[in-house]
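Here's the structure we're looking at; comments come further down.
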Amino acid sequence: MDCCSVAVTLTLALREPIKMTAPSFHIVFDLSSHQDHWLSEMWPFFVLSTLGLIVLITPTRIVDRIFTSGLKGLAGKAFILLWCIGFVSMTVYSTIEHYRQLRNLQSLEAANKLQVVEGCLQGFHPMPFEGHDEERIRVNGEGFSYTDYDLSPRFHNSEGHGGPIHADSAVKVWFEGNNIVRLAVSDHACPIAPDIAQPF
C-alpha cells in the first residue's frame with residue numbers, strides 16, 4: 001500500500017462518527033421488592049419500652065429493692081411513667097411515620113410518578129466505613145445523599161459497606177426528593193467522578 005492509499009484510508013476513518021456504547025444498566029435496588037428491616041433494627045427500642053412498662057406495673061417495694069439508688073417510691077414510679085410515655089410515644093410515632101413514607105413511595109412507584117435521571121456521575125463522595133459522614137452522588141445536576149445508618153425506606157447502601165455505586169459508575173435513578181426508590185447501575189462505564197467535598 002503506497003502513501004496515497006494510506007492517507008485516503010486515514011481520512012475516511014477520521015470522517016466516520018465515533019460510536020458510543022450506551023451503558024448496560026442492571027437493577028440493584030427496588031423499594032417495591034426490597035425487604036424492609038425497620039422492625040428488626042428497632043427491636044432494642046421495643047425491648048426498652050417493654051421493660052419500662054414491666055417496671056411500672058411492678059409493686060413499688062420490689063422495684064425499690066432492685067434499684068437501690070435513685071428516686072424511690074411514688075417519685076420513682078412517676079419518673080418511670082414519664083420516661084415510658086416519652087419513649088413509647090417516640091417509638092410508635094417513628095414506626096407510623098416510617099410505614100407512611102414507605103407506602104407513599106411504593107404508591108408513587110406503582111403509579112409511575114417518580115422522577116428519573118441517568119448518566120455518568122458528575123460527583124461522588126464515598127461514606128467512610130466508620131460513618132460520621134454521608135455518601136453523596138450527583139448525576140445530571142441532581143444530588144443525592146445517604147448513609148447506611150439511615151433506616152428510611154429508600155436506597156442507602158454506601159460503597160464502603162458493599163454498595164453498588166462507585167466513582168466510575170453510570171446510574172439510572174428513580175426518585176422522589178432525596179429518596180432513591182429504584183436504582184440501576186452500569187459498572188465501570190464512565191470516567192472517575194470528582195469528589196463532592198461539601199454536603200448538598
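Mind listing whichever residues of the stretch 35-57 are touching a residue at least 60 places away in the same chain (Cβ under 8 Å) and either outside any helix (DSSP H, G or I) or among the aromatic types (Phe, Trp, Tyr) (or both)? Within the stretch 35-57, Asp36, His37, Trp38, Met42 meet the criteria.
Within the stretch 135-150, the residues that satisfy the criterion of being more than 14 Å from Asn179 (Cβ to Cβ), surrounded by 14 or more Cβ atoms within 10 Å (Cβ to Cβ) and either in contact with a Gly (Cβ under 6 Å, 6 or more places away or on another chain) or at pLDDT 95 or above (or both) are Glu135, Arg136, Arg138, Val139. Between a first residue in the stretch 151-173 that is modelled with pLDDT of 95 or more and assigned to a strand (DSSP E or B) and a second residue that is of a type outside the set (Val, Ile, Thr) and surrounded by fewer than 22 Cβ atoms within 10 Å (Cβ to Cβ), which pairs have beta carbons less than 6 Å apart while being 6 or more apart in sequence or on different chains? Within 6 Å, the pairs are Ala170/Pro23; Ala170/Cys120; Ala170/Ser186; Ala170/Ala189; Ala170/Cys190; Lys172/Phe25; Lys172/Glu118; Lys172/Ala184.
From His98, His132, grab the single residue that is of a type outside the set (A, V, I, L, M, F, W, C) and either modelled with pLDDT under 80 or within 30 Å of His188 (Cα to Cα) (or both). Even if it seems obvious, please write down each step before you answer.
On the way: His98 fails: either modelled with pLDDT under 80 or within 30 Å of His188 (Cα to Cα) (or both).
Result of the check over His98, His132: His132.
Within the stretch 97-124, being over 16 Å from Glu41 (Cβ atoms) and either in a loop (DSSP other than H, G, I, E, B) or out of contact with any strand residue (DSSP E or B) (no Cβ under 9 Å at 6 or more places or on another chain) (or both) holds for Arg100, Arg103, Ser107, Ala110, Ala111, Asn112, Lys113, Leu114. Among the numbered conditions (1) touching a residue at least 24 places away in the same chain (Cβ under 8 Å); (2) among the hydroxyl-bearing types (Ser, Thr, Tyr); (3) in a helix (DSSP H, G or I); (4) out of contact with any Ser or Thr (no Cβ under 7 Å at 6 or more places or on another chain), the only one that Ser32 does not meet is (3).
The values are calculated or read from the model by the stated rules, or taken from the named source; none is laboratory data. Since the structure is predicted, the reported quantities are computational estimates derived from the model, not experimental observations. Neighbour counts are summed over all protein chains in view; Cβ atoms, including those assigned to glycine, are modelled from backbone coordinates with ideal geometry.
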